[in-house]
Amino acid sequence: NSEAVEHYLDLGTGAILAVAPEEPAPGDASKHAVEPERYLWIEPLGMAGHLAMREACLFDLHDPHAHTALRHALEGRKPLRPSGYELERFPAARQAWLAHERRHLQELALHWLEENGLERAERPIRPR
């Protein structure tokens with residue numbers, strides 16, 4: 001289950017670490033050198049965040065058939081998987097969704113960096 005995986009930003013390298021539930025958190029003496037302040041936990045978006053993102057995307061859809069199908073899927077029980085199936089049926093809507101998701105996640109990431117007193121790197125940091 002990918003929801004159970006926790007993510008941390010390594011402030012030393014800029015890398016994102018994915019940590020499975022059975023693994024110790026970064027900075028724990030049993031896994032890394034003890035430097036807990038080096039690793040910043042990244043709060044997961046969660047089901048509500050993913051659902052809100054999909055619902056917000058509806059406002060950008062101009063295809064009435066895709067809009068109706070997605071709206072109905074999002075109103076149903078466990079809406080993320082059915083809405084994903086509907087996106088597969090409408091390639092233009094799927095592309096709009098992917099662009100919307102990319103913009104929204106980038107905005108969330110920049111806001112998270114700002115909240116944590118960090119700035120976006122001008123170029124990607126490569127691990128040594």
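Okay, here's what the table says:
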item	result
Whole-percent carbon and sulfur share, accessible surface of the chain, 1.4 Å	54
Degrees between helix 91-115 axis and first principal axis of the chain (Cα, 0 to 90, nearest 10)	30
Hz values of 3J(HN,Hα) by residue in segment 4-19 - Karplus curve (6.51, -1.76, 1.60), Gly and Pro given as x	7, 6, 9, 10, 9, 9, 7, 5, x, 10, x, 6, 9, 9, 9, 10
Three-way shape call for segment 53-128 based on the alpha-carbon gyration tensor, with the a/c threshold at 1.5	prolate
Percent RCO, i.e. relative contact order, over the chain, from Cα pairs under 8 Å lying at least 6 residues apart	19
Relative packing of 38-44, 68-74, which averages over residues the other C-beta atoms within 10 Å, highest first	68-74, 38-44
Probe 1.4 Å, protein heavy atoms only - accessible area per residue of segment 14-117 in square angstrom	67
Global form of the chain, assessed from the alpha-carbon gyration tensor, a/c cut-off 1.5	prolate
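The values are calculated or read from the model by the stated rules, or taken from the named source; none is laboratory data. Note that the coordinates shown come from a computational prediction; the quantities given were computed from them, not determined experimentally. Here Cβ is always computed from backbone atoms with ideal geometry, including for glycine, and neighbour counts include all displayed protein chains. Only protein heavy atoms, including side chains, enter the accessible area calculation; ligands, DNA and RNA are left aside. Shrake-Rupley method; radii C 1.70, N 1.55, O 1.52, S 1.80 Å.
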